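J.: One structure is given below, represented as structure tokens, and several questions about it will come after.
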Amino acid sequence: MAGSQAVDRAAQLLVRVVESARPLGVGELAEATELPKSTTSRLLAALERQGLLQRDCDRSPVRPGPVLLRFAQRTEPDVTLVDLADDHLDALAEESGETVNLGVPTPLGVDQLSQRDSRHFIGSTNWVGKRVPYHLTANGKVFLAWDAAASEQSNLEELGAIRARGYATAVDELEVGLTALAAPVFGGDGNTIAALSISGPTIRLTRSRIEELAPGLVQHAHALSSKLGYQDDKRGAA
């Protein structure tokens, strides 16, 4: 009985977060579900560990987690985030000739959901299903840069520069000889729910090549954000 009750309570919290138009605080969720705050916190922590919910720190508002974001959609019930990103991945792979990935944040790092392979023999690693750290990768830096509660260990000056130019880079950081650039994908609520990235050998992705590819990458990220219902006041539809 106790186990069934815990499942019911956790499901209540999950539904509240998913159906809310904005992230909710722990106190709000406790009041809405009539649960003790300590119980609410414990259940939220369990849902976070499973990737169903996420928050930046213990006092941050709660929002849908990466497991749910994998199926983020706008109006079509059978269309997933990966489905919506397919055309953009194809186009970026054609334009760049390099490996292109779609990644989402998790409590332990960035999960790669979908990939288009490089047309070159060198640089064709399969990243799908792999998890990479935030601070050493371009897509990880994207999530840090657009996260209002970024870790204190983050380089705030670097994150500010990333936001200003609209994309992040990682050169020889995750691995010597590997370079990547990534741009944020926003959901309808304005949160950064995914990142599009281009990666390849540093010898090919030089500074000038990154500058050539970045505008197209950012454009595709904005277009995918628009499909998810995001509206940028500065640009109209993303």
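J.: Of all residues in segment 120-152, which are of a type in the set (Lys, Arg) and modelled with pLDDT of 90 or more?
T.: 141
J.: In the set 184, 215, which member is buried (at least 16 other Cβ atoms within 10 Å of the Cβ), at pLDDT 95 or above and not charged (D, E, K, R)?
T.: 184
J.: Something else about it: If you check residue 51 against the conditions, is it open to solvent by less than 10 Å² (accessible area, probe 1.4 Å), at pLDDT below 80, touching a Ser or Thr at 6+ places or on another chain (Cβ under 7 Å) and more than 22 Å from residue 231 (Cα to Cα)?
T.: Yes; evaluated as a whole, the condition is true for this residue.
J.: Could I ask something else about it? Just checking, does segment 190-212 include any residue being surrounded by fewer than 19 Cβ atoms within 10 Å (Cβ to Cβ), in a strand (DSSP E or B) and over 19 Å from the mean Cα position of the chain (by Cα)?
T.: yes
J.: Please verify whether segment 96-116 includes one or more residues that are under 15 Å from residue 195 (Cβ atoms), acidic (Asp, Glu) and at pLDDT 85 or above.
T.: The answer is yes, given that some residue of segment 96-116 is under 15 Å from residue 195 (Cβ atoms), acidic (Asp, Glu) and at pLDDT 85 or above.
J.: Across segment 18-47, which residue is least open to solvent (accessible area, probe 1.4 Å) among those that are at pLDDT below 85 and either among the β-branched types (Val, Ile, Thr) or in contact with a strand residue (DSSP E or B) (Cβ under 6 Å, 6 or more places away or on another chain) (or both)?
T.: Selected residue: 24.
The values are calculated or read from the model by the stated rules, or taken from the named source; none is laboratory data. Just so it is clear, the model here is predicted, and its values are computed rather than measured. Because the Cβ atoms are built from the backbone with ideal geometry, glycine has one as well, and the counts that use them run over all protein chains shown. All accessible areas refer to the heavy atoms of the entire protein, side chains included, with ligands and DNA or RNA removed. Shrake-Rupley method; radii C 1.70, N 1.55, O 1.52, S 1.80 Å.
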